[in-house]
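Novice: What follows is a single structure, and I will ask about it in a moment.
The values are calculated or read from the model by the stated rules, or taken from the named source; none is laboratory data. Here the structure is a predicted model, which is why all the values come from computation and not from measurement. When we count neighbours, we look across all protein chains shown, and the Cβ atoms used for this are built from the backbone with ideal geometry, even at glycine. Just the protein is used for accessible areas: all its heavy atoms, side chains included, with ligands, DNA and RNA removed. Shrake-Rupley method; radii C 1.70, N 1.55, O 1.52, S 1.80 Å.
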Amino acid sequence: MRPLRLHLDNFGSFREPVTVDFADVDYFALVGPTGAGKSTIIDAICFALYGTVPRWGKENVIAHALAPSATSGKVALVFETSGRRHAVVRSLRRDAKATVHTKEARLDELDPGVPATAELAEMLEAVVRPVAEGGDDVTAEVQRITGLEYKFFTQCVVLPQGKFAEFLHARPRERQDLLVQLLDAEVYERIQKRAGREEDMARQAAIFARDQLAKLSDADEAAERAAAARLGSLRDLVGRVRTDLDLLRVRDQEAQRLREERDAMAGRLGALAALAMPDDVPTLADTLRDALSESADLTTEVARTEAEEQQAEDALAALDDPAALTAELAALDQYERMTGELEAAEAESAEAESRLAPLAGRRDGAEAALAESERDRDRLRDVHASAELARRLVVGEACPTCLRPVTELPEHAVSADLETAERNVQAAKKEAEEARTRQQRAEAESAHLTRRVQELRDLVAGLESPAGTSRAEIERRLATVRTAESRTAHARQAAREARTRLAQARQRSEELRGKGEQSWRDLEASRDTVVSFGAPPLDRDDLHLAWTGLLAWRDGVAARERAALDAQDDKIAQAQRLRDQERAALATRLADHDVAVPPEATPERIGEIVVAAVAQAESRLERVKENQRLAGELEEQAKSKEQEARVAHELALRLRADAFERWLCSEALELLVATASGTLRDLSDGQYELAVSPRSDIEVIDYAEAGMRRSARTLSGGETFQAALALALALSSQVAGLSAAAARSLDSIFLDEGFGTLDPATLDTVATTLERLATGGERMVGVVTHVPALADRVPVRFEITRDAKGSHLRKAAQ
């Protein structure tokens with residue numbers, strides 16, 4: 001995996017969009033103050049590919065990817081691997097609960113023809129095909145394309161802070177899992193499965209060959225001698241049969257000639273039999289005369305009906321205009337209707353006016369009764385108040401009304417019920433209100449009727465009074481017009497029908513004339529078909545007589561032709577009997593040689609059968625010889641496939657054991673450790689080398705301690721960094737050569753920090769080693785460092801700074 005372009009937008013500390021251009025970069029350094037965001041660039045590469053970052057802890061944690069103040073962000077990476085270009089894009093968003101989610105994840109294959117120096121948008125638009133969508137699917141496809149799971153990617157491509165020593169300190173089983181992926185060791189499992197399939201296929205092929213061999217029952221010398229004898233006998237027969245076939249052909253030709261003559265005679269007889277008088281010929285002349293007579297009668301009828309039609313139209317024109325009469329009747333109807341409505345409205349208005357006075361009287365009476373009821377109620381209220389006051393008086397105390405001392409208690413008679421008086425007031429009040437309502441409704445109705453009367457008087461005044469003509473006179477004159485119109489319509493219909501019948505009669509007459517002429521032409525054409533027999537001339541005066549004469553002549557000629565046809569049938573039967581006898585004799589001779597001939601076979605068909613029998617005998621002989629050859633081949637094929645099955649079975653057994661995978665990984669680890677030892681020896685001034693223990697642990701050989709071997713875990717921090725770096729560089733340089741089919745290629749390695757622990761001499765050795773690794777442009781090397789001595793030796797530097805707006809990146813070169 002080699003990155004070409006990396007784009008960050010609100011990712012980590014990079015709050016503003018930034019694009020990192022790795023095109024034509026083989027060796028670069030990310031430099032800047034602590035906390036500026038250098039490692040975020042490496043994090044973005046990991047996140048784009050796998051959706052997570054090593055220093056976030058759990059693989060499924062993505063909350064740290066989005067800048068704290070941002071609601072959405074995006075990371076896009078364009079990279080190449082195995083000669084193909086891909087782009088992976090992951091977009092993030094923060095929901096209302098501040099939870100970060102993956103909004104979009106997609107992986108596309110891009111057109112590698114677009115220059116690596118092109119703009120990012122142009123590269124992303126050149127999609128060859130979509131590969132995957134969705135976070136999990138994109139991660140799975142990235143693992144397939146790069147050949148590395150996330151946990152192994154962070155051990156041999158990206159070496160993040162604090163994780164340099166994971167491969168160095170890993171347990172043997174974990175280290176073997178990484179080597180299995182890097183070496184593509186799964187191919188041996190596929191080979192083992194393929195060997196099993198090949199064994200099955202070879203065994204099936206061997207069984208099939210043995211089955212085919214068992215079916216070859218005629219693959220011996222006896223069958224070959226019998227086939228050769230049969231072929232010789234048939235070849236001798238061919239010469240003797242040729243003469244018999246020539247004679248049969250002569251017999252067939254004679255019979256065919258007689259049949260052709262017979263067909264010609266039958267054809268002539270058929271032409272005579274085809275003569276037939278049409279069914280309408282006897283009555284055609286009478287039908288034409290009737291049609292001409294009908295046309296003459298209808299011509300007279302048309303003249304009469306047209307005269308009656310003209311008389312009716314003249315009489316109608318002399319009468320009154322029906323539209324004017326209808327308008328007079330409508331005006332008379334409207335005047336009478338309006339005057340009737342006016343009289344009814346005046347009577348209704350007068351009646352309503354007469355009801356007003358009684359209603360006013362009843363209203364006044366109800367109001368007077370209400371006033372009287374209220375006075376009685378008020379008097380009773382006073383009486384009840386006085387009685388209540390007297391009840392509370394005490395002799396010698398002051399009267400609350402006159403303020404003088406009470407000398408004697410007054411006596412009050414029992415008064416009427418006050419509640420009854422109140423009910424009487426309410427009843428009177430309701431009666432008065434109803435009386436007022438009735439009077440108001442009557443006054444409103446009277447006013448409405450008065451307005452309606454005035455409106456009708458205005459309408460009647462605007463109408464013209466009808467003339468002196470009475471309704472009965474107008475209706476009489478209108479009825480006369482309607483009667484004349486009906487009479488005229490009947491006359492017109494009668495004239496149209498008469499003209500239609502006349503046209504039909506004339507058309508019928510013309511059709512009959514044409515039919516008669518066509519019948520004469522048909523008769524002449526029928527006579528032409530038999531003129532070769534000497535047909536007599538036609539009588540042109542009468543069609544029926546002409547047909548009768550021609551048919552009488554036909555009957556005599558047909559009798560002579562039928563007699564000649566019977567004699568020809570006798571000749572054909574005699575010729576066919578002679579031919580059939582000679583063909584039966586030939587078929588008997590052929591049957592003696594096992595050659596079957598159908599009873600009605602022609603000479604050509606018999607010749608074909610004989611030739612086919614010879615060809616079958618030749619084919620039989622060739623098939624016997626071929627079967628003998630095929631039997632030998634099948635025997636060899638069966639033996640060969642059985643041997644292939646045994647070899648495939650043995651290979652599957654060898655590859656099935658887990659020991660093979662352990663052996664392969666052990667050999668690869670030995671090579672990697674040997675390569676790393678050379679680098680570590682340079683880095684440690686010859687003090688340390690690496691070795692593999694019998695238990696597959698990585699140990700260090702300390703030459704400062706007389707070559708003592710001890711666990712790599714006993715190294716100091718700086719020494720551990722040197723050893724881990726040596727192993728990482730060995731992985732990067734050796735994995736392509738170790739892979740089973742060169743399927744893995746670590747095109748990039750990114751080292752995050754750790755160089756500050758090295759002394760100047762060791763740092764110089766590390767720098768030289770990294771420069772050598774990046775030489776040739778086959779591998780990209782990226783480092784994250786604070787060490788100026790190392791950064792100054794890197795040809796391309798990406799300077800990272802940070803302010804209140806976030807992190808910023810600038811590309812600088814020496």
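Novice: Where in region 750-814 are there trypsin sites (Lys or Arg not before Pro) that are in a DSSP coil and have at most 10 other Cβ atoms within 10 angstrom of their Cβ? It would help to have the intermediate numbers written out before the result.
Specialist: Numbers: sites: Arg772, Arg779, Arg793, Arg797, Arg802, Lys805, Arg810, Lys811; in loops: Arg779, Arg793, Lys805.
Hits after loop and neighbour filter: Lys805.
Novice: Give me the net charge for the shell around Arg362: Cβ to Cβ below 12 angstrom, other residues only, Lys and Arg +1, Asp and Glu -1.
Specialist: Counting the neighbours of Arg362, the net charge comes to 0.
Novice: No solvent, one uniform scatterer per C-alpha: report log10 I(q)/I(0) for region 612-731 via the Debye equation at q = 0.09, 0.21 1/Å, two decimals.
Specialist: Treating every Cα as an identical point scatterer, log10 I(q)/I(0) equals -0.50, -1.09.
Novice: How fast does the chain diffuse by Stokes-Einstein, in µm²/s, taking the Kirkwood radius from C-alpha pairs at 37 °C and 0.692 mPa s? Display every interim value, and only then the final one.
Specialist: Values: Rh = 45.9 Å.
In µm²/s, the coefficient is 72.
Novice: Under a Cβ-only charge scheme (Lys and Arg +1, Asp and Glu -1), can you give me the dipole magnitude of region 494-535 about the Cα centre, in debye to the nearest 20?
Specialist: Around 380 debye, computed over region 494-535.
Novice: Treating only the Cβ atoms of Lys and Arg (+1) and Asp and Glu (-1) as charged, compute the dipole magnitude of region 263-394 about its Cα centre; round to the nearest 20 debye. Kindly include the intermediate steps, with their values, before the conclusion.
Specialist: On the way: 13 positive and 32 negative charges, 404 e Å.
Dipole of region 263-394, to the nearest 20 debye: 1940 debye.
Novice: Next up: Picking from Phe79, Leu459, Tyr703, whose Cα lies most toward the positive end of the charge dipole for the chain (charges on Cβ: Lys, Arg +1; Asp, Glu -1)?
Specialist: Towards the positive end, the residue furthest out is Tyr703.
Novice: How much accessible area does Ser233 have with a 1.4 Å probe, in Å² rounded to the nearest 10?
Specialist: Taking all protein chains as shown, Ser233 has close to 50 Å².
Novice: Leaving ligands, DNA and RNA out of it, report the carbon-plus-sulfur percent of the accessible area of the chain at a 1.4 Å probe. Don't skip to the answer; put the middle values down first.
Specialist: Numbers: 22720 of 44770 Å².
Summing carbon and sulfur atoms, their accessible area is 51 percent of the total for the chain.
Novice: Hey, if we sort Asp764, Asp290 by accessible area with the 1.4 Å probe, largest down, what's the order?
Specialist: Asp290, Asp764
Novice: Which order do the peptides 490-496, 327-333 come out in when sorted by mean C-beta neighbours inside 10 angstrom, highest first?
Specialist: Details: 490-496: 16.3, 327-333: 14.3.
So the peptides 490-496, 327-333, ranked by packing, come out 490-496, 327-333.
Novice: Calculate for the chain the 222 nm mean residue ellipticity that helices alone would give, adding -39,500 (n - 2.57) per DSSP H run of length 4 or more and normalising by residue count, nearest 500 deg cm²/dmol.
Specialist: Rounded to the nearest 500, it is -22500 deg cm²/dmol.
Novice: A follow-up question, please. How large is the accessible surface of His384 in square angstrom, using a 1.4 angstrom probe and rounding to the nearest 10?
Specialist: Near enough 70 Å² of accessible area.
Novice: Excluding Leu120 itself, calculate the net charge of residues whose Cβ lies under 11 Å from the Cβ of Leu120, where each Lys or Arg counts +1 and each Asp or Glu counts -1.
Specialist: My count for the surroundings of Leu120 gives -3.
Novice: Now a separate question. Excluding residues fewer than 8 places away in the same chain, name every one of the lysines whose C-alpha is closer than 16 Å to that of Lys429.
Specialist: none
Novice: A follow-up question, please. Extent of region 1-97 along each principal axis, from alpha carbon coordinates, in Å, largest to smallest?
Specialist: 43, 31, 25 Å, listed from the longest principal axis down.
Novice: Further question on the same structure: Too long at a 23 Å Cα-Cα cut-off: which of Lys38/Lys805; Lys193/Lys641; Lys74/Lys97; Lys38/Lys811; Lys151/Lys193; Lys151/Lys811?
Specialist: Result: Lys151/Lys193; Lys151/Lys811 exceed 23 Å.
Novice: Same structure again: Roughly how many Å² of Leu545 are accessible to a 1.4 Å probe, to the nearest 10?
Specialist: Approximately 100 Å² for this residue.
Novice: Send over the per residue convex hull volume for region 362-462, Cα only, as a whole number of Å³.
Specialist: 107 Å³
Novice: Using all C-alpha to C-alpha distances in region 412-527, build P(r) with 5 Å bins and read off the rounded percent in each one.
Specialist: 2, 7, 5, 5, 6, 5, 5, 5, 5, 5, 4, 4, 4, 4, 4, 4, 4, 4, 3, 3, 2, 2, 2, 2, 1, 1, 1, 1, 0, 0, 0
Novice: What whole number of Å gives the distance from the Cα centroid of region 18-44 to the Cα centroid of region 460-537?
Specialist: Cα centroid to Cα centroid, the span is 107 Å.
Novice: Over region 495-614, what per residue volume does the convex hull of the Cα atoms give, in whole Å³? Each step should come with its number before you reach the end.
Specialist: Values: hull volume 25.1 nm³, N = 120.
With only Cα atoms used, region 495-614 gives 210 Å³ per residue.
Novice: Specify the inter-centroid distance of region 600-637 and region 99-157, based on alpha-carbon positions, in whole Å.
Specialist: 66 Å
Novice: Apply the membrane-span-like helix rule to the chain: whole DSSP H runs, Cα extent along the own long axis of at least 27 Å, mean Kyte-Doolittle hydropathy at least 1.0. List the helices found.
Specialist: Those that pass (Cα extent of 27 Å or more, hydropathy at least 1.0) are 717-738.
Novice: For Met123, Met708, Met201, give me the order by solvent-accessible area with a 1.4 Å probe, most accessible first, ignoring ligands, DNA and RNA.
Specialist: Met201, Met708, Met123
Novice: Report Rg(Cα)/(2.2 N^0.38 Å) for region 501-543, keeping two decimals. Kindly include the intermediate steps, with their values, before the conclusion.
Specialist: On the way: Rg = 14.8 Å, N = 43, 2.2 N^0.38 = 9.2 Å.
Ratio of Rg to 2.2 N^0.38 Å for region 501-543: 1.61.
Novice: Report, in debye and to the nearest 20, how large the dipole of the chain comes out about its Cα centre when Lys and Arg carry +1 and Asp and Glu carry -1 on their Cβ.
Specialist: 3320 debye
Novice: Just want to confirm a number: the relative contact order over the chain, from Cα pairs under 8 angstrom separated by 6+ residues, in percent.
Specialist: It rounds to 25 percent for the chain.
Novice: Report the label-to-label distance for Thr775 and Arg375 in nanometres (one decimal), using points 7 Å from each Cα along the Cα→Cβ vector.
Specialist: The modelled label-to-label distance comes out at 14.2 nm.
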